[in-house]
């Protein structure tokens, strides 16, 4: 039979308490990491959704812009005029855009779909912009900006897609 001296009594209990503390800290770290992973996955999903909508309207613009024969329209004026109908809320900044809505019904339909079924939290009508720079220096540059804001974000998030349509 083993005998314990007074100096070593309680040592096993102390080791067990320290082991439980280390295990608990590890579990808390895993829970915190899981929360961060879920947040990052949600953010990636929102960005993918915004990119899909931006690419969709750019594709619609590419297909529907008026491209008359080069012999008839040497300066590309028909293309520039057609492209200008896609301009949507050209004024404003920092996800608070204003100005005239696009003349093209294709943009109105796109905007309605974006607000209705996009899955972007906090997406608002004032949070979308399509600007067209069809000057000679602008080279028909189209910038599509889509903004959204999740409840936990202090500032709105945005996705910007840039394309040149000729």
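The values are calculated or read from the model by the stated rules, or taken from the named source; none is laboratory data. No experiment lies behind these values; they were computed from the predicted model shown. Cβ sites come from the backbone with ideal geometry, for glycine too, and all protein chains shown count toward neighbours.
Considering only residues in segment 68-110 that are modelled with pLDDT of 85 or more and touching a helix residue (DSSP H, G or I) at 6+ places or on another chain (Cβ under 6 Å), the one that is nearest to residue 149 (Cα to Cα) turns out to be 95.
Scan segment 83-100 residue by residue and report those that are surrounded by fewer than 14 Cβ atoms within 10 Å (Cβ to Cβ) and part of a loop (DSSP other than H, G, I, E, B). Of everything in segment 83-100, those that are surrounded by fewer than 14 Cβ atoms within 10 Å (Cβ to Cβ) and part of a loop (DSSP other than H, G, I, E, B) turn out to be 94, 99, 100. Please indicate, with yes or no, whether at least one residue in segment 123-133 is over 14 Å from residue 166 (Cβ atoms), assigned to a loop (DSSP other than H, G, I, E, B) and touching a residue at least 40 places away in the same chain (Cβ under 8 Å). No; the residues of segment 123-133 include none that is over 14 Å from residue 166 (Cβ atoms), assigned to a loop (DSSP other than H, G, I, E, B) and touching a residue at least 40 places away in the same chain (Cβ under 8 Å). Taken residue by residue, segment 101-108 has no member that is closer than 14 Å to residue 132 by Cβ and part of a strand (DSSP E or B). Picking from residues in segment 134-156 that are part of a strand (DSSP E or B) and in contact with a helix residue (DSSP H, G or I) (Cβ under 7 Å, 6 or more places away or on another chain), the one that is farthest from residue 107 (Cα to Cα) is 148. Each residue in segment 109-122 was checked for being under 14 Å from residue 56 (Cα atoms) and assigned to a loop (DSSP other than H, G, I, E, B), and 1 pass.
So that you can scan it fast, the table gives a plain yes or no per residue for (1) more than 30 Å from residue 148 (Cβ to Cβ); (2) in contact with a strand residue (DSSP E or B) (Cβ under 9 Å, 6 or more places away or on another chain):
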residue	(1), (2)
10	yes, no
26	yes, no
40	no, no
45	no, no
49	no, yes
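Look at residue 33 and say whether it is modelled with pLDDT of 90 or more, more than 22 Å from residue 152 (Cα to Cα), in a helix (DSSP H, G or I) and over 20 Å from the mean Cα position of the chain (by Cα). No, not satisfied.
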